Amino acid sequence: MGWSPQIESRLRELRMMIPEIRAIIADDEPRMRDQLRLLLASETGVDIVAECSDALQTITAVKIHRPDLLLLDIEMQDSDGRQILNSISREEMPIVIFTSAHDQHAIRAFEARALDYLLKPFDQQRLHTAIERTRGELLKTHDRHLTHRILDLLAEARTGSQTERRLAVKTSGRVVLVNMDEIDWVEAAGNYVELKTSSGAYLLREGIGRLSARLDPGQFVRIHRSIIVNVRRIKELQPCNRGEYMVVLRDGKQLSCSRGYRARLQELIAAQ
């Protein structure tokens, strides 16, 4: 199924939304915060939104900034890193990388479900690896959200196409809503089209090409440069000369189908 240019453009925009890592540094040592800041400056797509020196600052910053990543000293002077995480709600919890000067805290870090564990003093390559792991986790989440958003967008597109089942036609000083299912066939008349229904004909100021794009392609097919027909109204096809067809409607109306439109007509009838 082909989507409108607007839908296709929006899908491309959604696919290109690669997440930037918004990070918070939490460490009670200014020297370690400075080192992390300098090393992170060398990483592409990392934005430090806050730096914290104690537990309260860290918890508050997470609530305010809703970061993607928290680089958290596992043992600050006023609090244990795990206690800080216990004060953050599940909805607000970022990806966590613990930092420490002691490798014996690593088990505690992974028990707290941290993504990674960095030893002080920090190493650029080791930090880069941790950032790339973070980016990978964010992309997984991004892909899940992207899938849901694309499905929602396509559902809206389908809903929109399903709800546009009537055409507003001005006639005799009033507006008549013509149900798509009531249309037997359509004929071009200059800058207008004439909608043929069992109850009468209605003139609509719209080109046949533009109207064709609005009609359900599973129900309406163009059989001539100036004729569109509702396949549900077709009774039979009668072969004519030069590979053309005569399309006979249920009410006996006969319409000519040009060779250039024959394949699409046959395909649609076979699918009914």
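Look at the stretch 169-192 and say how many of its residues are aliphatic (A, V, I, L, M), open to solvent by less than 60 Å² (accessible area, probe 1.4 Å) and over 24 Å from LEU237 (Cα atoms). Break it down stepwise before answering.
So the first thing to find is which residues in the stretch 169-192 are aliphatic (A, V, I, L, M), and the list is 169, 175-178, 180, 183, 186, 188-189.
With open to solvent by less than 60 Å² (accessible area, probe 1.4 Å) added as a condition, the list becomes 169, 176, 178, 180, 183, 186, 188-189.
Now narrow it down to the ones that are over 24 Å from LEU237 (Cα atoms): 169, 176, 178, 189.
Of the residues in the stretch 169-192, 4 are aliphatic (A, V, I, L, M), open to solvent by less than 60 Å² (accessible area, probe 1.4 Å) and over 24 Å from LEU237 (Cα atoms).
Quick one: in the stretch 124-134, which of the residues that are polar (S, T, N, Q) and closer than 14 Å to LEU36 by Cβ is surrounded by the fewest Cβ atoms within 10 Å (Cβ to Cβ)?
Taking the stretch 124-134 first, the residues polar (S, T, N, Q) are 124-125, 129, 134.
Imposing the further condition that a residue be closer than 14 Å to LEU36 by Cβ reduces the set to 124, 134.
Numbers: GLN124: 12, THR134: 23.
Checked the stretch 124-134; the qualifying residue surrounded by the fewest Cβ atoms within 10 Å (Cβ to Cβ) is GLN124.
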Which members of the stretch 228-265 meet the condition of being of a type in the set (Ser, Thr, Tyr) and within 19 Å of LEU215 (Cα to Cα)? TYR261
Condition met for LEU118 (open to solvent by less than 30 Å² (accessible area, probe 1.4 Å), at pLDDT 85 or above and within 30 Å of SER100 (Cβ to Cβ)): yes
Those residues of the stretch 167-219 which are of a type in the set (Phe, Trp, Tyr) and under 31 Å from the mean Cα position of the chain (by Cα), in sequence order: none
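Residue-wise test of (1) in contact with a strand residue (DSSP E or B) (Cβ under 9 Å, 6 or more places away or on another chain); (2) of a type in the set (Val, Ile, Thr); (3) modelled with pLDDT of 60 or more.
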| position | (1), (2), (3) |
| --- | --- |
| SER9 | no, no, no |
| MET17 | no, no, no |
| THR58 | yes, yes, yes |
| HIS65 | yes, no, yes |
Mind checking which pairs have a first residue in the stretch 40-69 that is within 13 Å of ASP27 (Cβ to Cβ) and a second that is of a type outside the set (Gly, Ala, Ser) and assigned to a helix (DSSP H, G or I), Cβ under 6 Å, 6 or more apart or different chains? ALA50/HIS65; GLU51/ARG33; CYS52/THR58; ALA55/ILE84; THR58/ILE84
Would you please list the contacts, defined by Cβ atoms under 8 Å and residues six or more apart or on different chains, that run from a residue in the stretch 108-123 that is under 16 Å from LEU36 (Cβ atoms) and assigned to a loop (DSSP other than H, G, I, E, B) to a residue that is modelled with pLDDT under 65 and not β-branched (Val, Ile, Thr)? none
In the stretch 69-82, anything under 38 Å from the mean Cα position of the chain (by Cα) and of a type outside the set (A, V, I, L, M) is listed as ASP73, GLY81, ARG82
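The values are calculated or read from the model by the stated rules, or taken from the named source; none is laboratory data. Predicted model, so just to flag it, every value in this text is computed and none were measured. Cβ atoms come from the backbone with ideal geometry, glycine included; neighbour counts cover every protein chain shown. Each accessible area value is taken on the protein alone, full model and side chains, heavy atoms only, with ligands, DNA and RNA left out. Shrake-Rupley method; radii C 1.70, N 1.55, O 1.52, S 1.80 Å.
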